[in-house]
Amino acid sequence: MTDSIEQKYDADAIQVLEGLEAVRKHPGMYLGDPHDGSALHHCVTEVVDNSVDEHLAGYTDSVAVTIHDDGSITISDHGRGIPVGNHSDYDISATEVIMTKLHAGGKFDDSSYKVSGGLHGVGVSAVNAVSEWLEVRINREGHVWEQTYALGEPQGRLEATGKSDETGTSITFKPDLTIFSTITDFDYDTLNTVLQHRAFLNAGLLITLVDEREGGRSDEHLYDGGISEFVKQLNERRNPIHNEPIFIKGSVEVEEVGEIFVEVSMQWSDAYNESILCFTNIIRNRDGGSHLSGLRSALTGTMNRYAKSRNLLKDVDKLSGDDVREGIATVISVKHPNPMFSSQTKDRLVSSEVQGVVEKVINEKLGEFLEENPQIAKLIIDKGALASKARAAARKARELTRRKGVLEGGGLPGKLADCQSRDPAECEIYIVEGDSAGGSAKTGRDRRTQAILPLRGKILNVERELKNQARVYQNQEIQTMIKAFGAGVGNPPADFDPEAEGDSDDVFFNVEKLRYGKIIIMTDADVDGAHIRTLILTFIWRFMRPAIENGNVFIAQPPLFQLSRGRKSRYAFSDEERDTIIAELRADNENVKIGIQRYKGLGEMNPEQLWETTMDPETRTLLKVTATDFTDDGVTSNLFMTLMGEDVAERRSFIERHAAQVTNLDV
Ligand code: 0RA
């Protein structure tokens, strides 16, 4: 008899282990990419979110995260503590079930609007599965309880190790480095940002982060103002046009779904871009979804209704959504008892009932706010009207360039030395600084596949023209690039649907029409060259971003030195390489004379040299231009704003902070 019970217990245990084995085998499916750091950090948020749930349920007002110097991390709270009693199905503690069974947790506690368990995560067990070791320590029912696991397997039963009249949970784990192969260290800033977001979204919850590693840091996040403080932070570097964010809150009971809660905070600044962050049950939805749609239509509708009723629109017929949202910073947070997302990563909320709920709440409450605050309302509407006029002017300029054939392949620019092939897959276009380098490149190239476009002088800094884009379309060098690339211009909006029938004006850059698979920026290896390269990249980022996203944009790497001994010559692309090559050339004769030519510009190279060092696909090095975040309000967009935008103080401080990283400055 005893035997068969043992067997049954084993069988259950094996099933459980198989479950966790799946996480170890396919960590990407459960936790995100194990090689780029996202899964590693997701492990931390997975545990933190369980603690946040305890806050949402009203049992803890703090969560503490500590990074230890042995590569482990502790997350602790003062919530109820993970249940410790025996679980009859398995005849092991409930703690062990939660720690070893995927998705366990939901059946212990069915309170709605929680982040973790069935809604968010795969639960703490997935973290346990990918941990070299994990220790759980629970204060509950008068005792301290402890249990340790290795690779998800319990190393003994849950045991009472002491007395305590507190409650709470503390989980320490060390990620298994055989799973997180490339990025194995917790990144302080990454964790600090996600923890700060959770604090913003949970007004009154104190979240602390302590780093015990070398150079230890610590941060505390407690925001009584919740998402309005989040919005203020989004606008930290902008100039808001009204003092306090507008905060809206409401809920709607939806049949067969339950009560849906909506919180929105928004503040307009004099900036050009919009920054809207969407959350469902504290989880960020990067691609928005039904709450974002509801927010957009309510904003446009409410603003236009108010403007019309007060006769505030003079020479503008009505404001478009883009006009209304220009310069807005918004955080929208909805709580839903059972939300549906488009993917495992929750990037897009698809629960359709949310759109109407959000619209209703915003129409009503924002309408009230505008009625009660007519000065602020007028500021926002005047800004929208200004945006509308600038947009109309840009549209007109675009239309003119189009009529001149810039947008629709009406002949190629005269300066372009095109290639013979018409197959974009093998075609390349070199954008070259200056006519003399352009000449060398034209002579040196492989004319079958390589086209050369020389640009004269510095192109327009488009970052300063975003609010008034007409000048961009009128710019000669920019028109030349648009014409040569043959794929139109203008980043499609985030929600652009190419299938949908649209306004004929809405022709955006279409990466599939690019005449060249590679756009290669080739500038001098000096400060001016770097500046021109940045100007071209800024234009591409703001007006042809899909080319970067699609991997079509490259930077050529001309050599910095030519080193010669007698008739023998070699090229060096960095100072270190120069020194290595000099040593090599001298290997058999310490005192021999080595000629060192420092290339100041591409123009100093003859066509053969330029081909050999920089253009020959067999031997050249190209840097592919990429970004981690392609949104209009992400880190890369912000970097362009800092480096190329109007705020001089901001740029100076950035340069001061990064001056130490500059290794090759040649003025
Ligand atoms: C299952 C049920 C209950 C709480 C928890 C899990 C819980 C999990 C974690 C993970 C980190 N901190 C946590 N705190 C709680 C509800 C317990 C009850 O009803 O008393």
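The alpha carbon gyration tensor of the chain gives principal lengths a ≥ b ≥ c with a/c of 1.5 or higher and a/b no greater than b/c, which makes the shape oblate.
Temperature 25 °C, viscosity 0.890 mPa s: under these conditions the Stokes-Einstein estimate for the stretch 50-101, based on its Kirkwood radius over C-alpha pairs, is 194 µm² per second.
Amide H contacts of residue 206: 62, 63, each under 5 Å away and 5 or more positions distant or on a separate chain (H built 1.01 Å from N in the peptide plane; Pro and chain starts excluded). Shape of the stretch 278-328 from the C-alpha gyration tensor: prolate (a/c of 1.5 or more and a/b above b/c, with a ≥ b ≥ c the square roots of its eigenvalues). Residues in the stretch 436-443 carry Karplus couplings, in order, of 6, 5, x, x, 4, 5, 5, 6 Hz; the curve used is 6.51 cos²θ - 1.76 cosθ + 1.60 with θ = phi - 60°, and Gly or Pro positions show x. The residues of the chain present an accessible area of 48 Å² per residue when probed at 1.4 Å with all protein chains retained. Note on the stretch 551-578 and the stretch 290-362: Cα centroid distance 53 Å, given to the nearest whole angstrom. Applying a DSSP loop filter and a limit of 10 other Cβ atoms within 10 Å to the trypsin sites (Lys or Arg not before Pro) in the stretch 377-445 leaves 422. For the chain, the longest principal axis of the Cα atoms and the long axis of helix 648-658 meet at an angle of about 80 degrees.
Amide H contacts of residue 601 (H built 1.01 Å from N, in plane; Pro and chain starts excluded): no residue 5 or more places away or on another chain comes under 5 Å. Rounded to the nearest whole Hz, the Karplus-based 3J(HN,Hα) values (6.51 cos²θ - 1.76 cosθ + 1.60, θ = phi - 60°) of the stretch 195-211 follow the sequence 5, 4, 4, 5, 5, 4, 7, 10, 3, x, 8, 8, 10, 10, 10, 10, 10, with x at glycine and proline.
A Förster radius of 41 Å combined with the Cβ-Cβ distance from residue 654 to residue 620 puts the calculated FRET efficiency at roughly 0.85.
Straightening the chain between residue 458 and residue 233 buys 77.5 nm, computed as 0.36 nm per residue apart minus the Cα-Cα spacing. Sorted from longest to shortest, the spans of the Cα atoms of the stretch 280-434 along the three principal axes equal 62, 47, 25 Å. Annotation for the stretch 187-226 versus the stretch 428-470: alpha-carbon center distance of 46 Å. Computed 3J(HN,Hα) for the stretch 42-57, one whole-Hz value per residue from the Karplus formula 6.51 cos²θ - 1.76 cosθ + 1.60 where θ = phi - 60°, is 4, 4, 5, 5, 4, 6, 4, 5, 5, 5, 4, 4, 5, 5, 4, 7, glycine and proline marked x.
Hey, any idea what % of the stretch 567-667's accessible area is carbon plus sulfur with a 1.4 Å probe?
That fraction is 51 percent.
By accessible area, using a 1.4 Å probe on protein heavy atoms only, the stretch 420-482 has 43% of its surface on carbon and sulfur. Report, to the nearest whole %, how much of the accessible area of the stretch 158-198 belongs to carbon and sulfur atoms, 1.4 Å probe, protein only. On the stretch 158-198, the fraction of accessible area on carbon and sulfur atoms equals 47 percent.
Of the peptides 225-235, 548-558, the ranking by mean beta-carbon count within 10 Å, highest at the top, reads 225-235, 548-558. For the chain, the relative contact order comes to 8 percent (Cα pairs under 8 Å, sequence separation of at least 6).
Put a dot 7 Å past the Cα of residue 420, heading toward its Cβ, do the same for residue 284, and the two dots end up 5.1 nm apart. Going by the alpha-carbon gyration tensor, a ≥ b ≥ c the square roots of its eigenvalues, is the stretch 268-354 rounded (a/c under 1.5) or, if a/c is not under 1.5, prolate (a/b greater than b/c) versus oblate? Prolate, since a/c reaches 1.5 and a/b exceeds b/c.
I need the peptides 237-245, 433-441 ranked by packing, meaning the mean over residues of other C-beta atoms within 10 angstrom, with the highest value on top.
Numbers: 237-245: 15.3, 433-441: 20.6.
Going from most to least packed, we get 433-441, 237-245.
Between 168, 235, 152, the Cα set farthest toward the positive side of the dipole of the stretch 142-242 (charges on each charged residue's Cβ, about the Cα centre) is that of 235.
The values are calculated or read from the model by the stated rules, or taken from the named source; none is laboratory data. Quick caveat, the model's predicted, so the values are computed rather than measured. Using ideal geometry, Cβ is built from the backbone for each residue, glycine included, and neighbour counts are taken over all protein chains shown. When the accessible area is computed, the model is the full protein with side chains, heavy atoms only, and any ligands, DNA or RNA have been set aside. Shrake-Rupley method; radii C 1.70, N 1.55, O 1.52, S 1.80 Å.
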